[in-house]
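Structure first, then comments.
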Amino acid sequence: MHSWSDTLRFAFQPVVNLRTGAVTALEVLARPETGDVLAEARRDPELDGRLAVLAFCAAARKETLLPLHLNVFAATLADLGGLAPLYDVVRGAGRMPWEVTLDVVPPCTHVPHRALLDAVGALREQGFRISADGIGDGDVPLRLLTDLSPDLVKLDASLLARPAAVRAMRTLCEQLGALVAVEGVETELQCAAALSAGAQLAQGELFAPPARIPAADVYVPPRSPGALTQPRPGPPVREFVRPAAVLPVTASAGQVRALLTGSPEVSGVLLVDQAGVPVRSVHRSRFLLSMSGRYGHALYADRPAHRLGDAPRAVGVDATAWEVLDVVAVGGSDRTSDDVAVVDRRGRCVGVVRLADLVRALAETRVEEAAGLNPLTRLPGSDAITGEVDRRIAEGRAFALSWLDIDHFKQVNDGAGFAAGDELIRSVGRALQEAAAGHARVGHIGGDDFLVLAEEEVLEPLAASVLDAHWSAGGRPVTLSLSTVVCRPGSVFDHRQAAAHLAPVKKAAKALSGTSWVLARAGLPGQEIRRGHGAEPARAGCATAGPLG
């Protein structure tokens, strides 16, 4: 008698790293030839759990070394309290649980959240990684999403039409320590939108359709300058993680050789203990050189491979690209091409990063940063500051945005000459940089205008350092005007609104004699004159003009 499993087939779809173009994992998708077993699995937790086991077995038969994504309904996890049979099958196949990511699939609204969270906690204890699937198209409550604290959040491609929502989800994921993936990417425009909105991973027909045989190659559109994400200092290493080739520390040199010769794309093998913690690192070229030498195979083939390995280089999953470079810089130059293991909070290997990927990304970041620098002061332009303002708003953080300019600058240029005027701008820029070092961000938005983004508590010393200096050009004294708007969480919704609040404060500061500083608070009436002719120590009675249209 035939059962439903006789007509069930599985397809594999790559998950692609948008930065490196590499395949980071395979999602295993059930493809029943008859009937609707997926609809039945939604109603039957035991059946759904069985499907997850069959999906893993189908991948194991393909002998793929890539990490796997398996789908399981949220209700299944809540009802079963975990997936014990899956853990047994994974270990029985010689794979590690942290090589498997469970995509928790909606619906979630009527699922007992406490039971779901307990089941996810049990799966994490076993080593499985967790992904929240169907965000944007499913019914995953935001509270549940944060409580799940997934390793990966998969967004529906329909959200790409709302880039602000994707960017907000990226900010939330940064707080949760999760990556962002976009599912269902079908066009190059969608790929560019996913990249510019901050997604690190993607999958869809554009890269490779689901297929019975795992795709060896995927199509990734070339990245144009306009598609690059906003540069951020110290990109997180999790954006560059590749799958690791892992063998137990007891593996023989012959087993390592078989893996390397059968997988030319593998640059090295990590030997891990029973908990998945890297113990030794075997570099492809050095290992094969040892094995190919005279008597090499006879000497080493049946001996433990760890004798031909080195101490592993490892970084935490929360490290930045610069921290990886620091790790690579330690030790002999012969190991600069070694993969660096990326480990979770328990020291278990979750993948590797390659130096070439990091150098390429950091070089792109530097090029983008240089393109945005003002040629006179070498300070970033307004985009860098306004982008950071929007990130702080999305994170619910308070901030102070200040606008500083030189009073009557046209008269300075007319009286002292443009060269003296340029030198004055450079001097003010240097003073701002020195005062803000480690405490604030400074941007030169053109002419004699500067933006400063800081915490409110650093305003006073920063302002004093710049405003108390004696400025001159061509022997003529010069004064400065500083205007500040302090924005509490919820008081503004984007950088444009913050700038609109700042404009009337600048007007008030320019109306005062001498070096001046006027401060206002978004959403509150009045302005405080902190410096300027006739300034009073208390809040002055200046009326705040309405925001600009």
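The values are calculated or read from the model by the stated rules, or taken from the named source; none is laboratory data. Nothing here was measured: the structure is a model prediction, and the numbers come from that model. Here the Cβ positions follow ideal geometry from the backbone for every residue, glycine too, while neighbour counts run over all protein chains shown. Only protein heavy atoms, including side chains, enter the accessible area calculation; ligands, DNA and RNA are left aside. Shrake-Rupley method; radii C 1.70, N 1.55, O 1.52, S 1.80 Å.
Some values worked out for this structure:
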item: Of the criteria (1) in a helix (DSSP H, G or I); (2) among the hydroxyl-bearing types (Ser, Thr, Tyr); (3) open to solvent by less than 20 Å² (accessible area, probe 1.4 Å); (4) modelled with pLDDT of 85 or more, which one THR365 fails; result: (4)
item: Segment 97-107, subset assigned to a helix (DSSP H, G or I) and not charged (D, E, K, R), residue most open to solvent (accessible area, probe 1.4 Å); result: TRP98
item: Segments classed as strands (runs of 3 or more DSSP E), wholly inside segment 127-189, with at least 2 members that are within 20 Å of PRO112 (Cβ to Cβ); result: 129-135
item: Matching entry among VAL352, VAL327, VAL246 (being at pLDDT below 80, out of contact with any helix residue (DSSP H, G or I) (no Cβ under 7 Å at 6 or more places or on another chain), on the phi < 0 side of the Ramachandran plot and among the β-branched types (Val, Ile, Thr)); result: VAL327
item: Scan of segment 448-486 for residues that are among the small types (Gly, Ala, Ser) and either in contact with a Phe, Trp or Tyr (Cβ under 7 Å, 6 or more places away or on another chain) or over 25 Å from LYS410 (Cβ atoms) (or both), ordered by number; result: ALA454, ALA463, ALA464, SER465, SER483
item: Members of segment 11-44 found to be closer than 28 Å to PRO221 by Cα, of a type in the set (Ser, Thr, Tyr) and not in a strand (DSSP E or B), listed by number; result: THR20
item: Subset of segment 507-530 [open to solvent by 20 Å² or more (accessible area, probe 1.4 Å), hydrophobic (A, V, I, L, M, F, W, C) and under 20 Å from HIS495 (Cα atoms)]; result: LEU524
item: Selection from segment 54-63 of residues that are in a loop (DSSP other than H, G, I, E, B) and either farther than 27 Å from VAL269 by Cα or free of Cβ contacts under 8 Å to residues at least 24 places away in the same chain (or both); result: GLU63
item: Some residue of segment 487-494 being buried (at least 22 other Cβ atoms within 10 Å of the Cβ) and either farther than 20 Å from ASN413 by Cα or modelled with pLDDT of 90 or more (or both); result: yes
item: Where ALA168 falls short, out of the listed (1) in contact (Cβ under 8 Å) with a residue 60 or more places away in the chain; (2) open to solvent by less than 40 Å² (accessible area, probe 1.4 Å); (3) more than 24 Å from THR64 (Cβ to Cβ); (4) not hydroxyl-bearing (Ser, Thr, Tyr); result: (2)
item: LEU66 under 26 Å from GLY351 (Cβ atoms) and in contact (Cβ under 8 Å) with a residue 40 or more places away in the chain; result: yes
item: Residue check for ALA398: touching a residue at least 60 places away in the same chain (Cβ under 8 Å), open to solvent by 20 Å² or more (accessible area, probe 1.4 Å) and closer than 24 Å to ILE529 by Cα; result: yes
item: Hey, ALA370 exposed (fewer than 13 other Cβ atoms within 10 Å of the Cβ), in a helix (DSSP H, G or I), among the aliphatic types (A, V, I, L, M) and at pLDDT below 80 or not; result: yes
item: Selection status of HIS110, closer than 25 Å to ASP156 by Cβ and assigned to a strand (DSSP E or B); result: no
item: Among the residues listed as GLY417, GLY475, GLY443, the single one being open to solvent by less than 30 Å² (accessible area, probe 1.4 Å), farther than 22 Å from GLY381 by Cα, modelled with pLDDT under 90 and not hydrophobic (A, V, I, L, M, F, W, C); result: GLY417
item: Condition met for ALA115 (farther than 15 Å from ALA52 by Cα and assigned to a helix (DSSP H, G or I)); result: yes
item: Residues of segment 171-192 that turn out to be within 18 Å of the chain's Cα centre (by Cα), buried (at least 21 other Cβ atoms within 10 Å of the Cβ) and not charged (D, E, K, R), as a count; result: 7
item: Any hit, segment 495-507, residues being assigned to a loop (DSSP other than H, G, I, E, B) and not hydrophobic (A, V, I, L, M, F, W, C); result: no
item: Residues located in segment 112-163, provided they are of a type in the set (A, V, I, L, M), within 24 Å of PRO14 (Cα to Cα) and surrounded by fewer than 19 Cβ atoms within 10 Å (Cβ to Cβ); result: ALA161
item: Failed item, numbered, when PRO85 is tested on (1) modelled with pLDDT of 95 or more; (2) over 30 Å from LEU260 (Cα atoms); result: (1)
item: Selection count where residues are in a helix (DSSP H, G or I), farther than 28 Å from GLN200 by Cβ and either touching a residue at least 60 places away in the same chain (Cβ under 8 Å) or of a type outside the set (A, V, I, L, M, F, W, C) (or both), scope segment 238-276; result: 5
item: Sole exception among (1) farther than 23 Å from CYS57 by Cα; (2) touching a helix residue (DSSP H, G or I) at 6+ places or on another chain (Cβ under 6 Å) for GLY134, by number; result: (2)
item: Cβ-Cβ under 9 Å pairs, at least 6 apart or on other chains, segment 457-468 side touching a residue at least 24 places away in the same chain (Cβ under 8 Å) and open to solvent by less than 30 Å² (accessible area, probe 1.4 Å), far side assigned to a helix (DSSP H, G or I) and among the aliphatic types (A, V, I, L, M); result: LEU462/LEU432; LEU462/ALA435; LEU462/ALA436; ALA463/ALA435; VAL466/VAL428; VAL466/ALA431; VAL466/LEU432; VAL466/ALA435
item: Some residue of segment 33-55 being over 32 Å from the mean Cα position of the chain (by Cα) and of a type in the set (Ser, Thr, Tyr); result: yes
item: Residue within segment 80-87 that is of a type in the set (Phe, Trp, Tyr), surrounded by fewer than 22 Cβ atoms within 10 Å (Cβ to Cβ) and under 30 Å from the mean Cα position of the chain (by Cα) present; result: yes
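Okay, residues lined up against (1) touching a residue at least 60 places away in the same chain (Cβ under 8 Å); (2) at positive phi; (3) in contact with a Pro (Cβ under 6 Å, 6 or more places away or on another chain):
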{"residue": "GLN13", "(1), (2), (3)": "yes, no, yes"}
{"residue": "ASN17", "(1), (2), (3)": "yes, no, no"}
{"residue": "ALA22", "(1), (2), (3)": "yes, no, no"}
{"residue": "VAL28", "(1), (2), (3)": "no, no, no"}
{"residue": "GLU40", "(1), (2), (3)": "no, no, no"}
{"residue": "ALA52", "(1), (2), (3)": "no, no, no"}
{"residue": "ALA84", "(1), (2), (3)": "no, no, no"}
{"residue": "MET96", "(1), (2), (3)": "yes, no, no"}
